[in-house]
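So the structure is just underneath, and the comments pick up after that.
The values are calculated or read from the model by the stated rules, or taken from the named source; none is laboratory data. Values in this document were obtained by computation on a predicted structure and should not be read as measured data. Cβ sites come from the backbone with ideal geometry, for glycine too, and all protein chains shown count toward neighbours.
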């Protein structure tokens, strides 16, 4: 078995990524219902006893909805920092404390968390390092910084937010308060911000990468808009080392896996 990653859902209503290695199976967030997540787990031919941990990025419902139920019923530990765990207000749940900026070995995977800018207790992204490759995820953040780029730089697979198109956001029916929240430094990345982040990341480390655009808004973005914005910026800058696609909002999406025979990663949108 090789390292593989599957997007199960990515959007404003539910988020979950499944990472599978020879020794570990880890979920990053489970914002799906517990029933739906377990159905998808079965489709991936994974039993609940094989799931080692659930890493939480923050406490918002679209990231924890099923995670809390599964942790409680199946005694699968939640991995998160103390502020996120306290925000759940469920101190009886199984929990592994991973302070922001800290690292934790789970089987053959090294998990490192890093701070992101979002309106939650102590939100983080994650970087998972394995001998077969590195995966990084940052899906809820209102701005990016050089330090964030440094945290993302080792990634062979990058799952990064491209939440909205600002002009579309103004006319999508959201209240002014919600629009300002989304546009704020602790809100969500616009397509153009994501494109700028990817260009900065390329200049920092020009390795070949697979990129999944994630957490797209249903009202203020479309997969075509997000993809066009990012690909146009990369093409203008003559960056050809990134293979970019969009993670669907409410269904399983891209499947990335490492192929030891070729020392390359294999990407299969259809799964």
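Descriptive notes on the structure:
- Residue check for residue 132: within 22 Å of residue 201 (Cβ to Cβ), at pLDDT below 95, surrounded by fewer than 21 Cβ atoms within 10 Å (Cβ to Cβ) and touching a strand residue (DSSP E or B) at 6+ places or on another chain (Cβ under 9 Å): yes
- Restricting attention to region 41-61, the residues being within 23 Å of residue 215 (Cα to Cα), crowded, with 19+ Cβ neighbours inside 10 Å and either touching a strand residue (DSSP E or B) at 6+ places or on another chain (Cβ under 6 Å) or modelled with pLDDT under 95 (or both) number 5.
- Given (1) under 16 Å from the mean Cα position of the chain (by Cα); (2) under 24 Å from residue 134 (Cα atoms), index of the condition residue 59 fails: (2)
- Some residue of region 254-261 being in contact with a strand residue (DSSP E or B) (Cβ under 8 Å, 6 or more places away or on another chain), within 23 Å of residue 17 (Cα to Cα) and at pLDDT 95 or above: yes
- Number of residues in region 85-111 that are over 17 Å from residue 63 (Cα atoms), surrounded by fewer than 20 Cβ atoms within 10 Å (Cβ to Cβ), touching a strand residue (DSSP E or B) at 6+ places or on another chain (Cβ under 8 Å) and in contact (Cβ under 8 Å) with a residue 24 or more places away in the chain equals 4.
- Residue count for region 164-182, restricted to those that are in contact with a helix residue (DSSP H, G or I) (Cβ under 7 Å, 6 or more places away or on another chain) and closer than 22 Å to residue 58 by Cα: 3
- Residue match in region 129-144 (condition: in a loop (DSSP other than H, G, I, E, B), in contact with a helix residue (DSSP H, G or I) (Cβ under 9 Å, 6 or more places away or on another chain) and more than 27 Å from residue 225 (Cβ to Cβ)): no
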